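K.L.:
This is the structure I have questions about; it appears just below.
We did not get these values from a lab; they are worked out from the coordinates using the rules stated. Note that the structure is a prediction, hence the values are computed from the model and not measured. Cβ: placed from backbone, ideal geometry, glycine included. Neighbour counts: every protein chain shown.
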């Protein structure tokens with residue numbers, strides 16, 4: 001029997017991205033994160049958006065550009081693979 005995992009990707013504008021496993025909502029656990037350096041003196045910058053796509057996280061950063069992280073392991077085993085991604089739309093998946 002396959003047990004599906006429920007991962008949520010959370011972006012904190014200017015403060016990075018978090019991946020939280022909500023498979024057991026009563027015991028949610030952070031499984032990965034990015035934490036860009038603080039901007040000093042404080043100004044517009046930092047992580048702006050992030051998207052999951054086929055075991056990679058694409059995080060745009062105003063001051064650094066595009067950061068790409070590979071995220072794989074038991075948390076993503078059996079994850080649905082997509083042939084394309086348009087994060088601006090919500091498409092149904094099988």
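K.L.:
For volume of the Cα convex hull per residue in Å³, which listed value, (1) 98; (2) 340; (3) 123, comes from the coordinates shown?
P.N.:
Identified label for the calculated read-out: (3).
K.L.:
Another question about this same structure. With labels modelled as points extended 7 Å from the Cα through the Cβ direction, what inter-label distance (nm, one decimal) is found for residue 23 paired with residue 5?
P.N.:
Here the modelled spin labels are 0.6 nm apart.
K.L.:
Moving on. Choose one answer from 72, 34, 50: the residue with the largest mean-square fluctuation in a GNM of the chain with alpha-carbon springs under 10 Å.
P.N.:
Answer for the Gaussian network model of the chain: 72.
K.L.:
Hey, another quick one. Separation between the residue 38 and residue 60 pseudo-spin-labels, each 7 Å from Cα along Cα→Cβ, expressed in nm?
P.N.:
Output for this residue pair reads 2.7 nm.
K.L.:
For a quick protection proxy, order the peptides 53-62, 75-84 by their average other-Cβ count within 10 Å, most packed first.
P.N.:
Going by the mean number of other Cβ atoms within 10 Å, highest first, we get 53-62, 75-84.
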